[in-house]
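Have a look at the structure below before the remarks.
The values are calculated or read from the model by the stated rules, or taken from the named source; none is laboratory data. Worth saying up front: this structure is predicted, and the values here are computed from it rather than measured. Positions of Cβ are backbone-derived with ideal geometry, glycine not excepted, and every protein chain shown enters the neighbour counts. Surface areas here come from the heavy atoms of the whole protein model, side chains and all, with no ligands, DNA or RNA. Shrake-Rupley method; radii C 1.70, N 1.55, O 1.52, S 1.80 Å.
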Amino acid sequence: MTGHHSNSEIAVRVRRLEERLIGAGLTSDDQLDGIIGQILSGSPANGARVVARAWVDPAFRERLLVDANRALDELGLSMSTGPQPQRLTVVANSATTHNVLVCTLCSCYPIGLLGPSPSWYKSEAYRSRVVREPRAVLAEFGLVLPEATEIVVHDTSAESRHMVLPMRPGGTAGLGEAELAALVTREGLIGTAAV
Amino acid sequence: MAEPRFAVGDRVRARAVDPSHHTRLPRYARGQVGEVVEVQGTWPLADDRAQGFAEPRIEPVYTVRFPAGALWGPPGGHWVQVELWESYLEVVA
Amino acid sequence: MSRINDVGGQSGFGLVAVEPDGPPFHADWEARVYALNVAMLRRGVYNLDQFRDAIERMPPAEYLAASYYERWLVGVESLTASAAPELRPDDG
């Protein structure tokens, strides 16, 4: 969605705000640059690493589903590069269950691990519809699930964040962990794609 | 702050309230009956934090699963899981 | 007194506009607003629920017309309205 103010008008407002807050001693240029650097270090590639490890290591998968934050530690990853440290819950897809994530009230997302969320995730269209008609929304993403598959929509309404653990695709038995990670998309980690 | 009032498997009803302040109880869940599927631990109550209370209530947060058919009517067929603070919930008689 | 942000189940927002490989920020100012908000949260100028509250209190028509980070800008501006630059002695 584009706003009703032009980009340049808003950029001026932001600059004014920034000068005022720096002037008030509440932040600094260095701090702001550091925060931007941190958020941009978050990436779906982090989630893909976690998924690939879970696919090749059943014990890790078990630990991930029980205490995801601790499992992230094992890979040198964390949920603490965003606004505040966050609890992570990983939900696993299976042959019978498909999980999909949303935040109907705002836009909660595991930003500390995966970086900023995609625009569609924050849109009113996605937030309003996926809780009510997930099959129709998933079909618009090109994901058509068997009728028998049970869909669970997770509305992230409190202070936990979620990530989907997709099923390992067939025909991947010969692949190494890095090759498996390359198969995993951001949409797969949110649940709007199979992988 | 105390022991969680609800356990996994309990049926609970989200309160049919409509507060004027910030809340994290989505409108579509209000008044609906669901089942507790996880007890997440305790968090400061969002409603209190939003109002800047110095000592917000610390409450258990539960993952509650609602059948879509109850929320939206037919055809249903999926589940919606919502994370709710204890004071958003009441016992189903 | 439900607020405009509480959209779960509402109709009328149309199809989801999928942007598979969109950049994290579409303009520099978006990244700056993001960073300003995180800086204020970390410093405890306000908390995350106060920030959400500030956005939810936007008039519905303005909320819907604003882009995502424009809403953030409104939130940070309103929660820091009283924070003024410190007066230095030579400012008179």
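Computed quantities for the displayed model
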read-out	value
Order of exposure, largest accessible area first, which applies to A:I36, A:I190, B:I58 with probe 1.4 Å	B:I58, A:I36, A:I190
Computed magnitude of the charge dipole of the range A:87-150 (debye, nearest 20; Cβ of K, R +1, Cβ of D, E -1)	240
Share of carbon and sulfur in the accessible heavy-atom surface of the range B:11-91 [1.4 Å probe, %]	50
Rounded to 5, percent antiparallel among DSSP beta bridges of the protein assembly as shown	55
Long-range tail of P(r) for the range A:1-108 (Cα pairs > 24 Å, %)	48
Cα convex hull volume per residue for the range B:11-91 (Å³)	78
Lys/Arg +1, Asp/Glu -1 at C-beta; the protein assembly as shown dipole; positive extreme among B:P19, A:G112, C:P23	B:P19
Shape category assigned to the range A:65-129 from the gyration tensor of Cα positions, a/c cut at 1.5	oblate
Unit charges on C-beta of K, R, D, E only; dipole of the protein assembly as shown, Debye	580
Percent RCO, i.e. relative contact order, over the range B:11-91, from Cα pairs under 8 Å lying at least 6 residues apart	32
Accessible surface of A:C108 - all protein chains present, 1.4 Å probe, nearest 10 Å²	10
Heavy-atom surface of chain A, accessible at 1.4 Å and reported per residue (Å²)	39
Rg in Å to one decimal, and Dmax rounded to a whole Å, for the range C:28-81 via C-alpha atoms	10.6, 31
Solvent-accessible area per residue, Å², over the range C:28-81 with all protein chains present [probe radius 1.4 Å]	33
Loop GluC sites (Glu not before Pro), the range A:97-174 (other Cβ atoms within 10 Å of the site Cβ: 11 or fewer; DSSP)	A:E147
Inverse mean reciprocal Cα-Cα distance (Kirkwood Rh) of chain A, Å	18.3
Spacing of the two label points (7 Å from each Cα toward its C-beta) at A:T96 and C:A17, in nm	4.1
Projected label distance in nm at A:S6 and B:S87, using a 7 Å step from Cα toward the beta-carbon	4.8
Estimated [θ] at 222 nm from DSSP helical runs (n ≥ 4, -39500 (n - 2.57)) normalised by residues in chain A, nearest 500	-12000 deg cm²/dmol
DSSP beta bridges in chain A [antiparallel fraction, %, rounded to 5]	0
Most mobile listed residue (B:P60, B:P75, B:P44) in chain B, GNM with C-alpha springs under 10 Å	B:P75
Carbon + sulfur, % of accessible area of the range A:41-105 - ligands and nucleic acids excluded, 1.4 Å	51
Rounded D (µm²/s) - the protein assembly as shown, Kirkwood Rh over Cα pairs, Stokes-Einstein at 37 °C, 0.692 mPa s	151
Global size of chain C as Cα Rg and Dmax, reported in angstrom	16.5, 58
Cβ charges +1 (Lys, Arg) and -1 (Asp, Glu), total dipole of the range A:44-190, debye	200
Relative contact order of the range C:28-81, defined on C-alpha pairs under 8 angstrom at six or more residues apart (%)	46
Chain A - percent relative contact order, Cα under 8 Å, separation 6 or more	26
Model label zone, A:L65; criterion: amide N under 11 Å from point 7 Å along Cα-to-beta-carbon; scope the range B:20-44	none
